[in-house]
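Written below as structure tokens is the structure these notes are about.
Just so it is clear, none of the values below were taken in a lab; they were calculated from the coordinates. Keep in mind that this is a model prediction, so the values were computed, not measured. Note that we place each Cβ from the backbone using ideal geometry, even for glycine, and neighbour counts take in every protein chain shown.
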Amino acid sequence: MHAIEHDREKLEQAAGRLSRSERTIVSTGSGISRESGIPTFRGEDGLWQNHRPEELASREGFLSNPGLVWRWYRERLGTARAKQPNPGHRAIARLEPLIPNFLLITQNIDNLHRRAGSKEIVELHGNIERYRCFEYSHPAEEDPQWGDEPPRCHCGSIIRPDVVWFGEPLPEAEIECAFRESARCDTFLVVGTSGMVQPAALLPQVARNAGALLIEVNETPSEITPIVDIFLQGKAGETLPPLVDRIEELVSRG
Ligand code: BV8
């Protein structure tokens with residue numbers, strides 16, 4: 001069978017299943033924001049001023065050079081705000097009302113899903129629009145003054161982004177919800193993640209163990225591809241819109 005027909009058949013299979021789903025989870029990584037112009041972590045543009053993200057996105061990295069890490073987030077916040085949600089983000093927002101129980105679980109901190117209109121979102125790794133103090137997690141005022149060094153909280157502690165750094169535990173409510181819902185969904189759609197970062201990378205396996213059908217959209221095979229039922233290879237912004245169009249047709253037929 002010709003590759004394009006094969007792909008069309010897999011998309012039809014995925015759309016058929018999602019149109020009948022009672023409880024779907026969509027899980028996204030930085031790949032879904034790539035077509036908005038936001039670099040992924042491990043892609044060719046993954047470094048920043050010759051520093052690796054794992055080095056900057058850590059307590060040690062922040063404490064050893066607060067100004068460098070602060071400026072990295074200042075630049076990323078500026079980039080995220082300057083970019084727009086892409087057709088992939090918007091397709092996921094369109095999918096949400098079509099499924100009786102829908103949950104979006106994202107590893108991304110760029111706020112683009114929210115800006116695309118998604119409502120039911122679990123942000124596993126925080127949000128670059130939120131800031132708190134390092135010592136006591138006092139929430140910082142909306143927009144901390146963006147100097148070259150992080151400002152201080154009223155308690156005197158240094159202000160940091162409200163994101164989860166490497167080596168830090170994920171927020172309890174969010175990770176509990178993510179595991180609980182992954183263990184009860186009937187369909188799990190994973191988009192644009194290498195499946196390398198734990199514990200987010202465990203969620204597809206949790207869903208599979210509970211009998212869910214796994215569908216993956218990724219430009220290239222990932223660590224998760226070996227366990228998925230349907231692998232739709234391609235860019236999220238090109239694959240998700242026709243998938244959701246087809247689901248809308250099937251759902252409207254009833
Ligand atoms: C924790 C917020 C414990 C910050 C992020 C050894 C083995 C296993 C685990 C570990 C280990 N050593 C350390 C660990 C744990 C560590 C970890 O997993 N490390 C990895 C690197 C091995 N995990 C942690 O530290 C976590 N915490 O474990 O705590 C604990 C418990 C109790 C008490 C104390 C401690 C915390 C992890 C969270 C880190 N924070 N982000 C910030 O953003 O600044 S993670 C960050 O990286 C992102 O949020 C994202 O989640 C992740 C990057 O992963 P991806 O999203 O998958 O991106 P990547 O670039 O890898 O892949 C992009 C994919 O998209 C690719 O597949 C590509 O093909 C695809 N793609 C590209 N373009 C497109 C596309 N697909 C579709 N369309 C396109 N157009």
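Quick notes on this structure:
- Euclidean distance of C-alpha centroids, segment 1-41 and segment 233-254, integer Å: 8
- Kirkwood hydrodynamic radius of segment 1-137, Cα pairs, Å: 17.0
- Per-selection Rg to Rh, segment 121-254 - Cα, Kirkwood hydrodynamic radius: 1.09
- DSSP-assigned coil residues among chymotrypsin sites (Phe, Trp or Tyr not before Pro) in segment 107-201, each with at most 11 further Cβ atoms within 10 Å: 136
- Compactness relative to 2.2 N^0.38 Å, alpha carbon Rg of the chain: 1.05
- Modelled this way, with points 7 Å down the Cα-to-C-beta line, the labels at residue 223 and residue 50 are 2.9 nm from one another.
- Here the label points at residue 172 and residue 248, each 7 Å from Cα along the C-beta direction, are separated by 4.2 nm in the simple model.
- 0 to 90° range, to nearest 10: angle between helix 3-19 axis and the chain longest Cα axis: 80
- Under 5 Å between amide hydrogens, built in the peptide plane, is the criterion, and for residue 190 it picks out 27, 215, 216, 217 among residues at least 5 positions away or on other chains.
- Tilt relative to the chain, helix 172-182 - C-alpha long axis, 0 to 90 degrees, to 10: 10
- Spin-label pair residue 230/residue 141, simplified geometry with 7 Å Cα→Cβ offset, distance in nm: 5.0
- With the largest listed first and rounded to whole Å, the semi-axes of the equivalent ellipsoid of segment 87-180 from the Cα gyration tensor are 29, 16, 10.
- Rounded FRET efficiency, nearest 0.05, which uses the C-beta distance separating residue 119 from residue 20 and R0 of 22 Å: 0.50
- Each DSSP beta bridge with both residues in the chain is either parallel or antiparallel, and the antiparallel ones are about 25%.
- In segment 178-254, GluC sites (Glu not before Pro) in a DSSP loop with at most 13 other beta-carbon atoms within 10 Å: 223
- Computed over the chain, relative contact order equals 25 percent, with contacts defined as Cα pairs under 8 Å that lie 6+ residues apart.
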